[in-house]
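The next block holds one structure in the form of structure tokens; read it before the comments.
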Amino acid sequence: MYNFIGNFNAFMKRPFLVFLGFTVLISASLAFTRHKDPGYKNLQILPKDITEKQMDSVMHHFNESLSVKCSFCHVRNDSTNKLDFANDNSPHKNKAREMMKLTNKINDDYFDVTGGQRTITTQLMVTCYTCHHGSTDPAVRAAPKMLQQQSPLRPLNDTTRRTQ
């Protein structure tokens with residue numbers, strides 16, 4: 001009887017060790033392949049799986065297109081004295097969401113350059129800068145002729161360029 005128990009224990013050790021080895025190997029590989037979750041909260045327009053680099057790019061585009069700082073759309077938490085990015089109490093943040101929907105619709109309806117689904121990295125034809133040109137309020141009428149001559153040159157392939 002003792003010999004049977006000894007053989008049974010030896011037999012059970014091998015599968016257990018193999019199972020344990022696979023478990024450790026799978027756990028280790030998952031630990032190294034898991035991407036850091038930036039943990040963004042309250043994303044309503046931007047994709048939920050946006051990376052930190054992509055989010056920074058979008059926010060920098062807003063900063064430069066409207067010549068504003070982060071606090072223009074994001075409110076400060078008084079207890080931590082830091083910006084509360086998930087907070088929706090800023091009217092500018094809510095207006096930015098509306099404008100993102102608008103530009104997305106315009107790009108989808110009139111400038112579908114991808115021929116398919118747009119992603120966060122798709123080059124857009126209509127952006128914040130299209131109307132804002134570095135100002136918080138978009139221009140509602142053309143600049144006077146004198147200022148138009150001082151504006152930066154448009155690219156040569158710009159189809160809206162006038163020939164004189």
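The values are calculated or read from the model by the stated rules, or taken from the named source; none is laboratory data. Please read these numbers as outputs of a predicted model, since none were measured by experiment. Backbone-built Cβ (ideal geometry, glycine too); neighbour counts: all protein chains shown.
Entry remark, the range 96-109: residues being closer than 14 Å to Phe62 by Cβ and surrounded by 12 or more Cβ atoms within 10 Å (Cβ to Cβ) number 5 in total. If you filter the range 68-82 down to residues that are surrounded by 15 or more Cβ atoms within 10 Å (Cβ to Cβ) and of a type outside the set (Phe, Trp, Tyr), you find that the one that is nearest to Gly39 (Cα to Cα) is His74.
Output the qualifying pairs, or none if there are none: Cβ atoms under 8 angstrom, residues six or more apart or on different chains, first residue in the range 42-58 and in a loop (DSSP other than H, G, I, E, B), second residue charged (D, E, K, R). From residues that are in a loop (DSSP other than H, G, I, E, B), the pairs are Asn42/Asp88; Gln44/Arg97; Ile45/Arg97; Ile45/Lys101. Beta carbons closer than 8 Å, at least 6 apart along the sequence or on distinct chains, pair a first residue in the range 96-125 that is in the same structural domain as Ser57 (by TED's automatic domain parsing) with a second that is of a type in the set (Phe, Trp, Tyr) and surrounded by 11 or more Cβ atoms within 10 Å (Cβ to Cβ) for Ala96/Phe62; Leu124/Phe111; Met125/Phe111.
In the range 115-155, the residue that is modelled with the highest pLDDT out of those that are under 28 Å from Lys93 (Cα atoms) and exposed (fewer than 10 other Cβ atoms within 10 Å of the Cβ) is Asp137. Within the option set Asp158, Asp112, being among the charged types (D, E, K, R), modelled with pLDDT under 90 and loosely packed, with under 11 Cβ neighbours inside 10 Å holds for one residue only, Asp158. When you check Ser79 against the structure, is it part of a helix (DSSP H, G or I), at pLDDT below 95 and hydroxyl-bearing (Ser, Thr, Tyr), yes or no? Taking the combined requirement at face value, the residue does not satisfy it.
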